[in-house]
Amino acid sequence: AFAKQVLDAYFREYRNIQLFKVQAANQMRANGCLFVNPFGRPRRIPILNAEEHWLVARGERQMMSSIASGTAADIMKESMIRCDAIISERETPATQVQTIHDELVFDAPIDSPWATTLIHLVRAMEDWPMFSEPADRQGVPIKVSEDVSTTTWADKKAVVVLADDTLRWAA
């Protein structure tokens with residue numbers, strides 16, 4: 001009962017999600033149960049045309065997960081490629097050392113121009129016109145949060161890249 005209340009409240013707040021789900025499922029059915037994300041990655045979900053309601057519901061959940069998770073995974077991969085190119089082009093002594101879920105972790109010497117590099121990396125990771133332009137598409141811009149540490153992961157401090165390409169320590 002409580003879970004239903006939470007879901008009902010969620011869908012009241014975000015009404016367009018249900019509409020999006022119906023439109024996406026109808027579009028996939030019309031396209032042979034195929035979804036192609038903005039990066040060209042295809043996903044076929046034939047159970048969207050199943051006779052059994054529970055299978056159709058499963059297919060719709062798979063579709064929504066594929067749209068969100070699959071696209072997010074491609075954004076991460078493309079971001080890694082973009083960041084590597086920036087580090088190489090700038091000949092910055094920085095290294096991408098790991099990914100943690102939806103985070104990219106870089107290591108750079110303190111005496112390097114790390115702040116300028118950070119600004120360039122953030123801009124590269126946030127530049128996704130396919131999701132946020134033109135304005136009438138009501139896209140969702142990609143936003144990046146930044147943390148910096150000179151010692152350990154536990155000691156990291158949040159910074160903010162401002163519109164004028166400067167940094168400030170977050171409050």
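Couple of notes before you dig in:
- Selection count where residues are at pLDDT below 90 and within 19 Å of Ala72 (Cα to Cα), scope the stretch 145-154: 0
- Contacts under 7 angstrom Cβ, first residue in the stretch 148-171 being farther than 17 Å from Ala94 by Cβ, partner open to solvent by 100 Å² or more (accessible area, probe 1.4 Å) and of a type in the set (Ser, Thr, Tyr), 6 or more apart: Ala158/Ser145
- Residue-level analysis places Ser88 among those that are within 22 Å of Met125 (Cβ to Cβ) and among the hydroxyl-bearing types (Ser, Thr, Tyr).
- Boolean, Thr95 is open to solvent by less than 70 Å² (accessible area, probe 1.4 Å), of a type in the set (S, T, N, Q) and closer than 30 Å to Asp147 by Cβ: no
- Candidate set: the stretch 45-72, residues that are outside any helix (DSSP H, G or I) and open to solvent by less than 40 Å² (accessible area, probe 1.4 Å); chosen: the one nearest to Ala24 (Cα to Cα): Ile45
- Within the stretch 157-167, being surrounded by fewer than 10 Cβ atoms within 10 Å (Cβ to Cβ) and charged (D, E, K, R) holds for one residue alone: Asp164.
- On the stretch given as the stretch 99-128, residues that are surrounded by fewer than 16 Cβ atoms within 10 Å (Cβ to Cβ) and on the phi < 0 side of the Ramachandran plot total 16.
- Residue that is under 23 Å from Leu34 (Cβ atoms) and without any contact (Cβ under 8 Å) to a residue 60 or more places away in the chain, where the choices are Glu78, Glu126, Glu103, Glu89: Glu78
- Qualifying residue in the stretch 79-86 (condition: in contact with a Leu (Cβ under 9 Å, 6 or more places away or on another chain) and hydroxyl-bearing (Ser, Thr, Tyr)): yes
- The set of residues in the stretch 21-44 being among the hydrophobic types (A, V, I, L, M, F, W, C) and either closer than 23 Å to Trp128 by Cα or exposed (fewer than 15 other Cβ atoms within 10 Å of the Cβ) (or both) consists of Val22, Ala24, Ala30, Phe35, Val36, Phe39.
- Residue within the stretch 129-137 that is assigned to a helix (DSSP H, G or I), open to solvent by less than 60 Å² (accessible area, probe 1.4 Å), aromatic (Phe, Trp, Tyr) and touching a residue at least 12 places away in the same chain (Cβ under 8 Å) present: yes
Condition check ((1) more than 23 Å from Ile75 (Cα to Cα); (2) of a type outside the set (Val, Ile, Thr)) across all residues:
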{"residue": "Glu89", "(1), (2)": "no, yes"}
{"residue": "Thr95", "(1), (2)": "no, no"}
{"residue": "Ile100", "(1), (2)": "no, no"}
{"residue": "Val105", "(1), (2)": "no, no"}
{"residue": "Lys156", "(1), (2)": "yes, yes"}
{"residue": "Thr166", "(1), (2)": "yes, no"}
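The values are calculated or read from the model by the stated rules, or taken from the named source; none is laboratory data. Predicted, not measured: the structure shown is a model, and the values here were computed from it. Glycine gets a Cβ as well: all are built from the backbone with ideal geometry, and neighbour counts include every protein chain shown. The protein model used for the area step is the full one, side chains on, heavy atoms only, and it has no ligands, DNA or RNA in it. Shrake-Rupley method; radii C 1.70, N 1.55, O 1.52, S 1.80 Å.
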